[in-house]
Each structure stands twice: as structure tokens, then as C-alpha cells.
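Asker: Just passing along the structure, written as C-alpha cells.
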4 protein chains.
Amino acid sequence: MDGLEDIIAEIGRRCAAASERGTPASYIPKLGQVDPGQFGLVAVTADGREIAVGDADQAFSMQSIVKVFALTRALERIGDVLWQRVGREPSGDPFNSIVQLEHKSGVPRNPFINPGAIVVMDILQAGTTAQASIDDLLGFLREASGDFSIAVDPEVAESEDTHGARNRAMAHFIAAFRNLDNDPEEVLHTYFNACAVSITCRQLAWAGRYLAWDGLTGPNGRRVAASATARRTNALMLTCGHYDGSGEFAFRVGMPGKSGVGGGILAVVPGYASIACWSPGLDVAGNSKIATEALEELAERTGWSVFASQC
Amino acid sequence: MDGLEDIIAEIGRRCAAASERGTPASYIPKLGQVDPGQFGLVAVTADGREIAVGDADQAFSMQSIVKVFALTRALERIGDVLWQRVGREPSGDPFNSIVQLEHKSGVPRNPFINPGAIVVMDILQAGTTAQASIDDLLGFLREASGDFSIAVDPEVAESEDTHGARNRAMAHFIAAFRNLDNDPEEVLHTYFNACAVSITCRQLAWAGRYLAWDGLTGPNGRRVAASATARRTNALMLTCGHYDGSGEFAFRVGMPGKSGVGGGILAVVPGYASIACWSPGLDVAGNSKIATEALEELAERTGWSVFASQC
Amino acid sequence: MDGLEDIIAEIGRRCAAASERGTPASYIPKLGQVDPGQFGLVAVTADGREIAVGDADQAFSMQSIVKVFALTRALERIGDVLWQRVGREPSGDPFNSIVQLEHKSGVPRNPFINPGAIVVMDILQAGTTAQASIDDLLGFLREASGDFSIAVDPEVAESEDTHGARNRAMAHFIAAFRNLDNDPEEVLHTYFNACAVSITCRQLAWAGRYLAWDGLTGPNGRRVAASATARRTNALMLTCGHYDGSGEFAFRVGMPGKSGVGGGILAVVPGYASIACWSPGLDVAGNSKIATEALEELAERTGWSVFASQC
Amino acid sequence: MDGLEDIIAEIGRRCAAASERGTPASYIPKLGQVDPGQFGLVAVTADGREIAVGDADQAFSMQSIVKVFALTRALERIGDVLWQRVGREPSGDPFNSIVQLEHKSGVPRNPFINPGAIVVMDILQAGTTAQASIDDLLGFLREASGDFSIAVDPEVAESEDTHGARNRAMAHFIAAFRNLDNDPEEVLHTYFNACAVSITCRQLAWAGRYLAWDGLTGPNGRRVAASATARRTNALMLTCGHYDGSGEFAFRVGMPGKSGVGGGILAVVPGYASIACWSPGLDVAGNSKIATEALEELAERTGWSVFASQC
């Protein structure tokens, strides 16, 4: 697409200068201390170009974005039997709601709300240890992105644990319905570490390529996941990727996307681009305010929406 | 795409012969009497081809599919202020749930659940009569499809009214929150008539073209709706088009789609095709069992999924 | 009990002078115009004494208090089969909540929330007309109180209808689950008229005697209801008589009681007294603020609590 | 009352022989192994008589009945500020529901559902240790009953812990809302031990006397709790003592009562009697089937209902 660099540069300038930036998550001290003035955006396109603006190499906490990669790994490992333990419907509830678990006998509504991700972590851990499953997830992120420096931030992981009462409640609640095979505390260890992975926009955009190209790292790339796995992960991202703001994101942006409370968003335009965007301030639904606006403008100006004919 | 006719013909044969066909809706006598052995599928593609198999010219009751066209008309009329009166998030509840209305002060969660469609009908009726708003909706269906024989089945409309206690409850409940401008009984008249529109797969596939081509009736067609309206209607279809089976349809089929309890489904592949499929038997979520399977197979064999790179 | 007149006189003085009086219900114009400075209290005791203070002869709208008498009549008519159509558990929801109806397939949780009372009205109307069932209810109120001037306020009844969207929604919703035998609009006519009965504290205290003396109008009085009916009506009043403030009333006052948004409360001390109290201003839960305080003080000073040994 | 011994003897014979006895709780092995054929009933009356039938000296697990005594102790210790941390409304939900906690920001709806009792245990533990608070509770049970052999069954306490995933989830969930002052695991230790107290009908009936006589152990007894505490504990028992079967128990029996899944029920007739009844088989709501029937017959034949005039 002609002028993509210009469009992204312009978005970068506007987003760096925006005055209303939302508020960074504060339940973990280290997240709350992040400078909300930061903004990064990186797009990797079908022809292998990487277009980066702003704080593209500033590491941030993946948080819920890691759930995308965890789901991919779990699907690769056990396939569709996964859906006997996790649903695939949007929840209509906040990410940390426990209500629906009770109504559905401990089967989380989808893999991107916290209880769903906890079950996915339990699946990743089957027959192995918490540490091995964290290593497997890191290994996949590194392989998919081609960047072997991606790692867990141990300080954040520990803070997640310290402030993890609600996730702890969920894990024990799921266990009460016998939908965890491993010890809840060990699964939480995996979960907290996975959420604490540090990543940059550049690393994330490269890691997400397999979602844009049916499991390959590009139109003629290496295969890192099955075609069906990529397609299905995208479907889940579009319907459930932004908690109870998922309909809103689909409506405004029109790309499969997944946000994290660290302020990052991974967005995918199948056949066209893998995009990572980051700015720490969140809106009331817990999604990055500036990153969402950046992606909305990008979709508007490029036509990159799965709901438009030119895409 | 090479072989599309063959693929569709094969799907048609398989679906006509399938033994497990679900059960037709029975809350209205005339719907319950429909022969569940019927199956029709029509695709209209970018090059203007029409590929039809089976009972392509058998009329069926649009039911909830009409909500797509009503939303389009309402968006064309009042634009984004519509979203002050209806949400755009998946509901996680059945189509006829009243629970969420109470929690959200009479603002339906999205325009495709019954209470949402009732509010959309109220918007269509603003400043005019129930009859005029039904005529407007029929006019749009006729213009979009190019077929001026599309009409309301008065027997079904009357049955909807007779068996409409739950929709009646919803209309009065919304009115209690002052989210209806017109008399609830008049809005219900519009709603019951709209749901009772009779249509064939052929008519429906042609009527849906504007969703596949950004508001035009084809790549170089007439404009019947704004580009943004088409894109947004698609987004709503993908996230909310199959009630609490929406995530499932996105996952299995990967196309924006809208089902009705008459057994029809309208599915859209932006840039590629407008597809109508029909078979009267429903699954437990109230969506056509055979039509869903047909579309799943079509997506699988053609790659027509908004979540795949080749589409 | 010695000094009861003094205690009640003192309560009357304090309650007439109180400055924080709550706010009268305003959804019906005539209710909103009532002077919130009014207060009345009448107790009829086992020895036949009537102790009255304040505005004891000022008529007010019975509103939900009428549900007590409607339940008694319905139990007398059909007995325990009534409980196949209405539950007898506290609801944990506001009086006008529709949520629970959906979860329980149209069976209201108890006869004192609005949908429950609507079903009770439907039972009263079985085999007769709306007018006849209103007359029956009035007849019972007159016979139980010995005052034949008790009547419906037609202006309030009409206002109830005009502002009755939410009750209308509930009636149709119940009908959708086939838990109404009569036409919903006719049942609503009965319901709106019943709520619009005008009564004074003096009339109400006399009408409620049968609840204090096992169905008799006093220790040696006439029988107007079966002993079991009185006892069971009391049980429902204690657990469900103040909507989602029922636990609070049991805790603070400790008498079976029923409030109405007209500001009245009927309270019963089995074996000791039938008490009516009225002051138009309501608290946030919709119960009379001053009347509740008066009854709390009365219970405190007399020991009239079903949870204390001296009673 | 004349003939009370005869009435109770007759009830004892009928209940020992009944064929439909419900099913003992089975989530803990030791509870599931209890012989469902057992039945005991002991009443202690105003004149100091003790009437006992059946397995009156067979120890069973107090389970939720202990919540009555824990509430009494917590009210004695901190008074009405307790109600800032726990509500006093019936819940309309099962005893182990977590839903309502989310809607009310971690404030349990009443002290007799599991999360409410967990908060009460946290209050008992303030400024002391888990062991000291267990000892305090045992001390109160021993003092109130006059039987110093009442003790925790360590095997049951350990089983509660092993099978305590759901209670564990609740404790962590409450902690997430900062409504626990102590470590959740320590509070659970107290809770599990309290539920595991072993008691006989004879011991329980004597321990409950203070509820029947305004905090005294009899009409002229020792004071073990304040009068207001007794009255308020009774109010909570009547409205919330049988989970979502509380309205049913009030309706059928008409006494403040508290059940436990061990099959016991403590029932109180203020001024008349403290009654303990036990039979291990439970109904669908988790309350003892035979013990409920026994109390219903006792109320019927003695007139011991707080809703009848002769009581």
C-alpha cells in the first residue's frame, strides 16, 4: 500500500502528542509507574517490511496479550478437545468476573477472560512442570518473533502473585468444579509468569505474523502453527479479545486484536499485516486508550478492516 | 475462484441428503409446518455470478435476518446517535432474554437481540407510522435485491402477534425505561411485520450484496448504503449475529452472518460474496443446523474466512 | 401492657416532629402531592383496646399492603396449590425486578413482589371478572375491619395504569410462560385497582387483626380466615414483606410486616396486637422511613418482637 | 404444655421409622458414611425440662449450625459495626454461591451463607490467632451448654480443608475486595475447624437456650449473651437460616432455625423452648429431610410458631 509509512508516521506524531491518554493500570506498583506519555507502533506487512514509530523498542508487560500465544500452543497440543474445558463465546462480563463460572459449572466462557486463561495454562502444564510450561511459551514467542531475548520480568511476576487474590479465587473456584488437573497454586505460578513477560512492539509485531499468514511467519514464511489454529485464534480475538469492549473494538477497528492492561494491543489483518501498538494509559474497559485510537485511525485510512471489501 | 460451482453443487447434494436436520421452530404454527427436508444456497460473487442450488426459490420467513436490514436503515437515518439507545456488545444471553435490560436500564445490549431490534424499529418509526416504516424496510429490501416481489406474509405477522407475549413484555419493559418514543403496541406491529417478511435464498443473497461491497451492490454497483454503514453492520453480524452461538459461528465459519428462526442465514465475505443459505431445522441455539454446516464446509473449501490470509 | 398509651403517645410526638422524613413516591402524581409531614399510628390489642395517635383517620393509598389481603383470599380459595404458581422465598431483588422471573420460568419468587402479586390477582380472578375480584377483595377488607367505607381511589387506579409499563411488562412476561389464566390486561386492571385502595391507619389496624389472632378478629372474635392461612401469611410477611429490606425490618423491628409505597406499614404481633403505621416519606428501599422508625421504637420499648421471650 | 413428652415420643417413633430419609452429604468421606437411619430430638423447655428421643447422644458434625454461635460471639465482640462487613438480607442463592459477592463488592449478603461466615470468622480472629478463635468458640459452646466435652473432630476438619476449594475461592475473593483482615488461609483454618465441631442433640439443645430466653440460659438463668444479640441472631436465623430454603422453613415450621449439612437443625421458640433435631439425610436444598418434618409436626401439634397467637 502506497503511503503506509506516511500514514503510520502521522499517527505516531498525533498519538505521541495526544493530551487525553487514560490511566496506567495501578494494581501492580511497577505497572503504575510507567510513563503514560509513551507510544509505540510497529506493523509488519506481507512484503516483509517493518514500519516502526515511537517507542517501538521500549519493553512493556504483555499481560493478557500472552493469552493469544498460550491459546495457540494449547490448541496445537491438544486440538479441539480444549473446547470441552473452555467455551468460545463472548462473555458480556469484565475480564475478572467470577459470576459466569458459577452458572457454567466451572467452564470459563472463553480462553481470553482470566479464568479461561487459567484453564489454558493448566492444559499447557499437563504432564510437565510450571517452569517447563513457562519455558515452552517463551520458546514459542521467541521462535515466532525470531527474537530470543524475550523474557519474564520476575519483579512483575512476583507482584502478580502478591496482588493475585482475585485470580487465586478463580483458580480455586475452577478447581472446585474439577476443571483443573494441576494444583491451583502451580497453575497460578505459570499464569502470573506468563502475564509478566516483557515485550516490545517490535518483538510483538513479529511474533504475531503467524496469525496474519495462516500459521506461517509470512506469505512464504516458516510454519509455526497450523493454518486452522491461526484462523481460530483470530476468530477468538475478534469476538473476545477486548473483554466487554470486544464489540466496540470490532465496530471501531474491525481487526482481530488482543489487549493487555500493560497498554499493549496486538492486531492482525489477515493477508496484510501484523501490528503491535502500545501506550500505557487505559480506558474504563481496561484497554489502551491511545493504542485503540491509533488502530482505529490506521483502519480508517488504510481500509484494513476484515469487514471491508478492499481488505 | 475455480470450481466454486462444483463445491456448491456438492454441498447442496450433501445437505439435501443429510439425515440429522434439527427441528423447525414451532412457536408459530406456520413455521412448524415447514418441511425440514428442504435446503437452498445461493452465492453472488464479485464478478456478478449467481450460483444457486436446491430450494433457491422457496420462500421462507426472514425472522431475525431482517434485523440486519433494519439496522442498516436506522444507521443511515440517524447515524451513530443510535448507539445511545442500543449497545454493540455481544450479550452472552439468549435472543429473548430480558435480564440484561434490567441491568442496563432499558438499553439493549446489541441491535440483534429482540429488545435491540425493537428499539431499532422504534427509530425507524420516528416521525412516521408503523405502516410507513414497514414499507420503508420492504422498499430497501426490494431495492437492494432488485426484486420487487418481496413482501410480508400476513398470516405469519398475525401469528407473531398472537404468540408475542415475550416480545410484548420486552417492549413494555423498554418503555418503562423511556427508551421507546412510540407506543409499544405500534412498535410491536412494525416488529412483528418485519419478522414476517417472506424471502427466498436468491432474493436474500442479492439483497445482501451491499454488505460484501462496502455499500454498493457489487464492485462497480449502485450505492444503497454508506460504506461505513456496511462495514459496521458486518462487525455487528460477526460478533452478535447468532445470539449466544455467535462465537461458535465466528469460530467454525468465520464470516459475518445473521440467522433467523425461519432457518435462513445471510453470510457475507467482504470483497468476495454475498451468500444466503436456508434449511428449516434448528439446533439448540436456534440457528439452522444444516445451513450452518453448509457454510462451514463452504468456508473450509474456499478459504472464505475473514480470519484467513487468502480472503 | 401498662403504659402502652404513653409509649405510643410519645412515639407519636417524636415522629410528628422528626425532621428527616424521606421522600414520598412520585411515579404517580397524586402520591407525590401528599404532605410528608403526616404521621399516624393505630394499635389494636388483645383486650380490644384501640390506641391511636396522629393522622389516624387520614386515608392513604394501600399499594403493596393490599398484597397481604390478596394472598389471604387466594389461600382461602385454592389452598396450597397456589405454591405451584408462586414461590415463597425472599427474593434478594427489588420489588419490580423481572430478572428472577426469567431464571424461574415465570414463577415469581414470592407473592409480595409485583410479579407474585400479579399471579395472585390472576388466581382471585379465576372463573369470574376483574370487577368481581376487586369487589371480593374490598369485601374482605370491609368485613375484616368492620368498616364498610373502604374503597378504591379511581384517580390513583387510572394513574397506576398510565404509569404501569413495568408491571405491564411483567404481566406479559408471566403470560409468556403460561402462568396467567386470564388476559394480562384484565389481570393488570385488577392489580392496579387493588393497589389503589384508600385506607386509614384505623381501618388497617382493625383489618389486620385476623393475622394477630390466628384468623379471628380477636382472642374471642369472628373467624375471617383459617388459622393456617393467618400463620402462613405472617411467615411470608416476615421473610418477604419489605422487598430487599425484609431482613433489615426483621432485624430492627422483629414483627411480620408489610409496607406499601403509599407510606403505610401493617405490622403484626401474634397474640398481642395488630398495628398500622403511616408516614408518606420513603427510604431508599421504598419503605416508609418514619413508620419504620416508629415500629422499631415500639418493639424496643414494649418487647413486642417475635424473637424475644416475653412476647 | 401437657402431653409434650407424648407428642415428642410419637414424632420420634414416626421419624425413626420413616422410609424416605434423603441422602447424607458426601463431599467429605466421613459425612457420607453416617447411617441415614438415625434420628434424635431434644427439647429444653421454659420450666427446665429436657425431653429427649432417639439418638439424642449421638455426636454429629455441626457444620453450618456453628455459624449461629460464631455470629453471636462476633456481635458480642464488635456490635453493630459487624454489619458494615456483612449484610443481613436473605440471599436467594445457594449457600455456596459466589455470584452475589461480585455484585456487592465482597460484602456477603448475610452471616449464614458460607462467605458471610468466613467474614465472621475473620472478625473473631481479629487481634488473635486462628487457634485462639477456635478455642473461644468452643469455650462459648461449652459454657452455653454446660457440657465441657464439646470438641472439634480433627478428621472432619482436615477433610474440610482437603475438599475446600470452593470455600477457598470465596475467602480469596473476599480478600480481593479487602474485606478480610487476616490471611485467607488462616481464616479458612478457623472456618474449617469451626464447621467440624462434633455435637449431640442434647448438647445443642442446651447450648441454644440463650436464644430462647433473651441471652439467658433459661427464664431465670445465667446471662451468656446480651438480650439484643439473642433477638438479632434469631431474626437472622428466621430469614436466612436455611439458605434458599429459608422461606420454606419459616412457612412450614415458623421457628427461627439453622441447619447444617451434617443433618442437624437448631430451632428456637422464644420463651418456650430450645430444640435440637438431627437426621443425616438431606433434601435437595441441603437441609435435613426428617429433622425438618419432625419440627414441622412439632410446630403443628404444639402451636409453637412465632406466627401464631398462642405462642
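The values are calculated or read from the model by the stated rules, or taken from the named source; none is laboratory data. Note that this is a predicted model, so its numbers are computed, not measured. Glycine also receives a Cβ, built like all others from the backbone with ideal geometry; neighbour counts cover every protein chain displayed. Side chains are part of the model used for accessible areas, which takes the heavy atoms of the whole protein and leaves out ligands, DNA and RNA. Shrake-Rupley method; radii C 1.70, N 1.55, O 1.52, S 1.80 Å.
Asker: Would you grab the residues whose amide H sits under 5 Å from the one on C:Val152? Only those 5+ places off in sequence or on another chain, please, with H modelled 1.01 Å from N.
Answerer: So C:Val152 has HN proximity to C:Ser198.
Asker: Considering only protein heavy atoms and a probe of 1.4 Å, how much of the accessible area of the protein assembly as shown is carbon and sulfur, as a whole percent?
Answerer: Answer for the protein assembly as shown: carbon and sulfur cover 47 percent of the accessible area.
Asker: I would also like to ask the following. What does the accessible area per residue of chain C come to in Å², with a 1.4 Å probe and no ligands, DNA or RNA counted?
Answerer: Averaged over the residues of chain C, the accessible area is 32 Å².
Asker: Okay, moving on. Helix-derived [θ] at 222 nm for chain C: sum -39500 (n - 2.57) over DSSP H runs of at least 4, divide by residue count, nearest 500?
Answerer: So the calculated ellipticity at 222 nm is -13500 deg cm²/dmol.
Asker: Using unit Cβ charges (K, R positive; D, E negative) and no other charged atoms, how large, in debye to the nearest 20, is the dipole of chain B about its Cα centre? Mind showing how you got there, number by number?
Answerer: Numbers: 26 positive and 37 negative charges, 132 e Å.
Roughly 640 debye, rounded to the nearest 20.
Asker: Run down the lysines and flag those whose C-alpha is under 27 Å from the C-alpha of D:Lys258, throwing out any fewer than 8 positions away in its chain.
Answerer: C:Lys104, C:Lys258, D:Lys30, D:Lys67, D:Lys104, D:Lys289
Asker: Just subtract the alpha-carbon distance of C:Ser105 and C:Arg49 from 0.36 nm times their residue separation and send over the number in nm, one decimal.
Answerer: Difference between extended and current length: 15.5 nm.
Asker: How far is C:Val284 from the same spot in each other copy, in nm, shortest first, if each label point sits 7 Å from Cα toward Cβ?
Answerer: 1.9, 3.6, 4.1
Asker: Among A:Pro90, A:Gln63, A:Gly106, which residue has its Cα furthest toward the positive end of the charge dipole of segment A:40-125, with +1 on Lys/Arg Cβ and -1 on Asp/Glu Cβ?
Answerer: Ranked along the dipole, the leading option is A:Gly106.
Asker: Let me confirm one metric for peptide D:226-236, namely the mean number of other chain beta-carbon atoms within 10 Å of its residues' beta-carbons.
Answerer: 5
Asker: Here is a follow-up. Measuring label to label, 7 Å along Cα→Cβ, what does C:Glu76 give against each other copy in nm, shortest first?
Answerer: Result, one decimal in nm: 4.7, 6.3, 7.7.
Asker: While we're on this one: When all protein chains stay in place, what accessible area (Å², nearest 10, 1.4 Å probe) is found for D:Val107?
Answerer: Accessible area of D:Val107: about 50 Å².
Asker: Let me ask something else about it. Taking segment B:39-81 as the region of interest, what is the percent of Cα-Cα pairs per 10 angstrom bin, listed from the shortest bin to the one with the maximum distance?
Answerer: Calculated over all Cα pairs of segment B:39-81, the distribution is 23, 30, 35, 13, 0 percent.
Asker: Mind checking the mean number of beta-carbon atoms from other chains within 10 Å of the Cβ atoms in C:211-218?
Answerer: Average per residue, whole number: 2.
Asker: Same structure, new question: Please report the relative contact order for chain D, taking Cα pairs under 8 Å with a sequence separation of at least 6, and give it as a percent rounded to a whole number.
Answerer: Across chain D, relative contact order equals 26 percent.
Asker: Suppose every K and R has +1 on its Cβ and every D and E has -1 on its Cβ; what is the size of the dipole of segment B:59-206 about the Cα centre, in Debye to the nearest 20?
Answerer: Here segment B:59-206 has a charge dipole of around 480 debye.
Asker: Taking Rh as the Kirkwood radius, which is the inverse of the mean 1/r over Cα pairs, what is the Rg/Rh value for the protein assembly as shown?
Answerer: Value, to two decimals: 1.01.
Asker: Hey, in the GNM for chain A with a 10 angstrom Cα cutoff, which one of A:Leu82, A:Leu180, A:Leu137 fluctuates hardest?
Answerer: A:Leu82
Asker: Here is a follow-up. Round to the nearest 10 and report in Å² the accessible area of D:Ile8, as given by a 1.4 Å probe over the protein chains' heavy atoms.
Answerer: Per-residue accessible area (D:Ile8): approximately 0 Å².
Asker: For the rotation that superimposes chain A on chain C, which residue of A has the C-beta lying nearest to the axis, and at what distance in Å?
Answerer: Value returned for chain A: A:His103, 5.
Asker: May I pose another question? Normalised by the number of residues in segment C:1-126, what is the relative contact order in percent for Cα pairs under 8 Å and 6+ residues apart?
Answerer: Reported relative contact order: 17 percent.
Asker: To continue, here is another question. Considering only B:Ala273, B:Ala59, B:Ala25, give the residue with the highest GNM mean-square fluctuation for chain B, with springs between Cα atoms whenever their separation is below 10 Å.
Answerer: B:Ala59
Asker: Compute the separation of the alpha-carbon centres of segment A:149-203 and segment D:36-93 and state it in Å as a whole number.
Answerer: For segment A:149-203 versus segment D:36-93, the Cα centre distance is 41 Å.
Asker: Here is a follow-up. Taking a label point 7 Å from Cα toward Cβ, how far is D:Asp6 from its twins in the other copies, in nm, shortest first?
Answerer: 4.6, 9.6, 10.6
Asker: Now a separate question. Could you work out the relative contact order of segment C:180-250? I mean the mean sequence separation of Cα pairs under 8 Å and 6+ apart, divided by the number of residues, in percent.
Answerer: This gives 16 percent for segment C:180-250.
Asker: Provide the net charge surrounding B:Leu211, with neighbours chosen by a C-beta distance below 12 Å and charges set as Lys +1, Arg +1, Asp -1, Glu -1.
Answerer: Values: positive: B:Arg209, B:Arg231, B:Arg232, B:Lys258; negative: B:Asp214.
Computed value for this residue: +3.
Asker: Which one of A:Thr190, A:Ala226, A:Asn179 is farthest out on the positive end of the charge dipole of segment A:152-237, using unit charges on Cβ (Lys, Arg +1; Asp, Glu -1) and the Cα centre as origin?
Answerer: Most positive-ward Cα: A:Ala226.
Asker: Next question, about the same structure. Could you work out, residue by residue across D:173-183, how many beta carbons of other chains sit within 10 Å of that residue's beta carbon, and then give the average as an integer?
Answerer: Mean shielding count: 3.
Asker: Taking a ≥ b ≥ c as the square roots of the Cα gyration tensor eigenvalues, with a/c under 1.5 meaning rounded and otherwise prolate when a/b beats b/c, else oblate, which class fits segment D:45-126?
Answerer: Numbers: a/c = 2.51, a/b = 1.74, b/c = 1.44.
In terms of gyration-tensor shape, prolate.
Asker: Between B:Lys30 and A:Ser149, with labels modelled 7 Å along Cα→Cβ, what's the label distance in nm to one decimal, could you check?
Answerer: Inter-label distance under the simple model: 7.0 nm.
Asker: Quick one: putting +1 on the C-beta of Lys and Arg, -1 on the C-beta of Asp and Glu, what dipole do you get for the protein assembly as shown around its Cα centre, in Debye to the nearest 20?
Answerer: The calculated dipole for the protein assembly as shown is roughly 0 debye.
Asker: Ordering B:Tyr243, A:Tyr27 by accessible area with a probe of 1.4 Å, largest first, what comes out?
Answerer: Ranked from most to least accessible, the order is A:Tyr27, B:Tyr243.
Asker: What total accessible surface area, summed over both chains, is buried at the interface between chains D and C, computed with a 1.4 Å probe and given in Å² to the nearest 100?
Answerer: It comes to approximately 3000 Å² buried between D and C.
Asker: Residue by residue, what Karplus-based ³J(HN,Hα) values in Hz, rounded to whole numbers, does segment D:150-165 have, using 6.51, -1.76 and 1.60 with θ = phi - 60° and x for Gly and Pro?
Answerer: Once θ is set to phi - 60°, the couplings for segment D:150-165 become 4, 8, 6, 8, x, 5, 5, 4, 5, 5, 4, 5, 4, 9, x, 4 Hz.
Asker: Quick one: if you take sqrt(5λ) for each eigenvalue of the C-alpha gyration tensor of segment A:185-275, what semi-axes come out, biggest first, whole angstrom? Don't skip to the answer; put the middle values down first.
Answerer: Details: eigenvalues 89, 65, 33 Å².
Calculated on Cα positions only, the semi-axes equal 21, 18, 13 Å.
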